[in-house]
Amino acid sequence: VQLQAFGGGLVQAGGSLRLSCAASGRTFSSYTMGWFRQAPGKQREFVSGLAGSGGNTVYADSVKGRFTISRDNSKNTLYLQMNSLKPEDTAVYYCAQRDTSWYVSMDSRRYNYWGQGTQVTVSS
């Protein structure tokens with residue numbers, strides 16, 4: 001399995017970015033996907049996840065109402081639409097995949113495959 005995240009960049013506070021994560025190596029639609037982020041000096045934290053079964057979608061409280069996760073199974077791609085960005089959203093964003101199609105986990109240890117990360121910087 002290979003995951004490649006891209007779409008990061010520098011944006012002003014209040015702006016928007018859309019991250020993409022291209023997946024390959026196995027049937028993308030079958031597996032739960034997640035986005036995590038890690039700011040300098042901080043632990044990696046959960047941002048959002050989407051079950052492969054077409055079930056639940058989960059957001060961290062800090063991004064609820066501003067970020068939207070989605071997937072296009074025909075393109076084997078996961079997305080994260082980020083609106084109303086804040087300086088505290090600045091981090092390296094990672095996509096990840098679980099070895100299950102069931103529920104979303106907020107625990108990074110439950111994810112088996114990781115992309116290389118894409119930097120998002122929000123200026124004030």
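The values are calculated or read from the model by the stated rules, or taken from the named source; none is laboratory data. The model shown is predicted, which means the values in this text are computed figures rather than measured ones. Here the Cβ positions follow ideal geometry from the backbone for every residue, glycine too, while neighbour counts run over all protein chains shown.
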| query | Which one is surrounded by the most Cβ atoms within 10 Å (Cβ to Cβ), of the residues in the stretch 45-66 that are among the hydroxyl-bearing types (Ser, Thr, Tyr) and more than 12 Å from Trp102 (Cβ to Cβ)? | reply | Ser48
| Can we say Gln2 is in contact (Cβ under 8 Å) with a residue 12 or more places away in the chain, of a type in the set (S, T, N, Q) and closer than 13 Å to Gln97 by Cα? | yes
| remark: Taking the stretch 87-110 and keeping only residues that are within 16 Å of Leu19 (Cβ to Cβ) and either assigned to a loop (DSSP other than H, G, I, E, B) or in contact with a helix residue (DSSP H, G or I) (Cβ under 8 Å, 6 or more places away or on another chain) (or both), one is left with Thr90, Ala96
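Test Ala23 against the criterion of being in contact with a Ser or Thr (Cβ under 6 Å, 6 or more places away or on another chain), of a type outside the set (Lys, Arg) and assigned to a strand (DSSP E or B), and give yes or no.
The answer is no for Ala23.
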| task | Inspect all residues belonging to the stretch 107-123 and state whether any of them is modelled with pLDDT under 95 and among the acidic types (Asp, Glu). | result | no
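If I filter the stretch 73-83 down to residues being closer than 23 Å to Ala39 by Cβ and of a type outside the set (A, V, I, L, M, F, W, C), which single residue comes out as surrounded by the most Cβ atoms within 10 Å (Cβ to Cβ)?
Of everything passing the filter in the stretch 73-83, Tyr79 is surrounded by the most Cβ atoms within 10 Å (Cβ to Cβ).
Rundown of residues vs (1) of a type in the set (Ser, Thr, Tyr); (2) buried (at least 16 other Cβ atoms within 10 Å of the Cβ); (3) in a loop (DSSP other than H, G, I, E, B), yes/no style:
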{"site": "Leu10", "(1), (2), (3)": "no, no, no"}
{"site": "Arg18", "(1), (2), (3)": "no, no, no"}
{"site": "Arg37", "(1), (2), (3)": "no, yes, no"}
{"site": "Pro40", "(1), (2), (3)": "no, no, yes"}
{"site": "Gln43", "(1), (2), (3)": "no, no, yes"}
{"site": "Arg71", "(1), (2), (3)": "no, yes, no"}
{"site": "Leu85", "(1), (2), (3)": "no, yes, yes"}
